[in-house]
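See below for the structure under consideration.
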Amino acid sequence: MSVIVLSAGGTGGHLFPAEALSRELIKRGRSIIVMTDARFAHYATQFPGARIQTVPSSPFNAITAPFKIAAGIAVALARLMKLKPAAVIGFGGYPSVPVMLAATLLRLPTAIIEQNAVVGRANRLVMNRVKVVAAAFPIARFAPADVSKIVLTGNPLRPEVEALWDTPYNVIEAGGPLRLLVFGGSQGARALSEIVPAALTRLPHELKLRLSVVQQCRPEDIENVRTIYRNAEIRAHLDTFFPDLPKRMAETHLVIARAGAGTVAELMAIGRPAILVPLPGALDDNQTPNADILARAEAGWRVKQGDLTQNSLAQMLIKIFADPMALARRAAKAHALATTRAAEKLADVVEELAGPSSDKREAA
């Protein structure tokens, strides 16, 4: 059974697409090894049937980065020479860099997938060395020198998102509940925890009575947010992490979130409108072009964090909730942007790159 190596950063934004590809390739008879960093422990159960290996690496801004990356390349070279994989596929994030550089040094068949509309720094280091650049969205900035190597596949989705593809959008009923989902990821939840609850307290009383809020908060913020909602008599379910976030997305009328590539792809797949607030500190402002894809299609709104105040958000929500049918139309437009069969399309690219598996060669 031929081996495919997947290399990804240790966060969900990189690992969820890798998980989707892993499952698809395993169904096709491939053996999968995932090379990443120690943060993978939080997602270990997401890769049934795959073997996991950790490789030394480091964020680029760390003083020790050159030494750890060099050590990671050495470890990856030894492992890849032993494995002799049919292909090595990178999903971005700094832990992917040593593996992808080692794979290109060994002249193995290689590809990367870029989940954002702006090519990330890890992928930029290797994109001109690999044979294929798979893209979730049309690339807005930092394309490879040879644009002919770009293949638009969409962003592979984890099974729990795929399962919600055809979930209908429930139009807000007159006088009925207003379901709002708020999340910001590990880096972006703090500002939303400061702005959103305060904005919701400024809504008219009749709207506050109808609100049902689900919000992700950082551990250090959650009690303060809970107190704000309790004092305003707003129903709210708060947690630091929602393992069933796609299901909650499908149940909501409106999402307020950051504009990471995975979030945008899942909003499209499930078909939900969103107010997207790009993370100001994101490298190369890579979330703004993601948000603009939905905003330009009138499937959502893109708001700079500096422009998002308690008053402006409150007024925005009053206007949005006043026209339930317009909100439903935005949901439909979001779903129309989704790319079908992204995991299968990416697997097709990988199979063409890797050549037939040993099982298929023996059957022939």
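The values are calculated or read from the model by the stated rules, or taken from the named source; none is laboratory data. Model, not experiment: these values are computed from the prediction. Positions of Cβ are backbone-derived with ideal geometry, glycine not excepted, and every protein chain shown enters the neighbour counts.
Residues that are surrounded by 24 or more Cβ atoms within 10 Å (Cβ to Cβ) and of a type outside the set (Gly, Ala, Ser) within segment 332-347 comprise just one, Leu346.
Checking each residue in segment 126-142 for being surrounded by fewer than 18 Cβ atoms within 10 Å (Cβ to Cβ) and either under 20 Å from the mean Cα position of the chain (by Cα) or modelled with pLDDT under 95 (or both) picks out Pro138, Ala140, Arg141, Phe142.
For Pro246, the test of being buried (at least 18 other Cβ atoms within 10 Å of the Cβ), in contact (Cβ under 8 Å) with a residue 12 or more places away in the chain, within 28 Å of Leu283 (Cβ to Cβ) and assigned by TED's automatic domain parsing to the domain that holds Ile270 is passed. So which residues in segment 313-329 are without any contact (Cβ under 8 Å) to a residue 24 or more places away in the chain and within 21 Å of Ala191 (Cα to Cα)? Within segment 313-329, Gln315 is the sole residue that qualifies.
With the condition being closer than 24 Å to Phe321 by Cβ and of a type in the set (Asp, Glu), I'd like the helices (runs of 4 or more DSSP H) fully within segment 205-286 carrying at least 1 qualifying residues.
By residue number, 205-210, 245-251, 261-270.
Just one of the numbered conditions (1) in contact with a Phe, Trp or Tyr (Cβ under 7 Å, 6 or more places away or on another chain); (2) crowded, with 22+ Cβ neighbours inside 10 Å; (3) in a helix (DSSP H, G or I) is not true of Ala295: (2). For segment 83-97, how many residues are over 17 Å from Thr54 (Cβ atoms) and in a strand (DSSP E or B)? Residues flagged as over 17 Å from Thr54 (Cβ atoms) and in a strand (DSSP E or B) within segment 83-97 amount to 2. Name the residue that is surrounded by the fewest Cβ atoms within 10 Å (Cβ to Cβ), counting only residues in segment 39-62 that are modelled with pLDDT under 85 and more than 20 Å from Ala20 (Cα to Cα). Top of the filtered list is Asn61. For segment 17-33, indicate whether the set of residues that are more than 23 Å from the chain's Cα centre (by Cα) and closer than 18 Å to Ala111 by Cα is non-empty. Yes. Residue count for segment 63-76, restricted to those that are buried (at least 16 other Cβ atoms within 10 Å of the Cβ) and either outside the structural domain of Ala122 (by TED's automatic domain parsing) or polar (S, T, N, Q) (or both): 0.
Note on segment 195-216: residues that are of a type in the set (D, E, K, R), more than 15 Å from Ala236 (Cα to Cα) and touching a residue at least 12 places away in the same chain (Cβ under 8 Å) total 1. For the condition in the same structural domain as Gln46 (by TED's automatic domain parsing) and either out of contact with any Cys (no Cβ under 7 Å at 6 or more places or on another chain) or exposed (fewer than 15 other Cβ atoms within 10 Å of the Cβ) (or both), Val171 does not qualify. Residues that are among the aliphatic types (A, V, I, L, M) and either without any contact (Cβ under 8 Å) to a residue 12 or more places away in the chain or outside the structural domain of Gly12 (by TED's automatic domain parsing) (or both) within segment 88-147 comprise just one, Val147.
Every residue, every condition in (1) touching a Pro at 6+ places or on another chain (Cβ under 9 Å); (2) farther than 23 Å from Ile172 by Cβ, yes or no:
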position	(1), (2)
Leu283	no, yes
Asn290	yes, yes
Trp301	yes, no
Lys304	yes, yes
Asp307	no, yes
Leu313	no, no
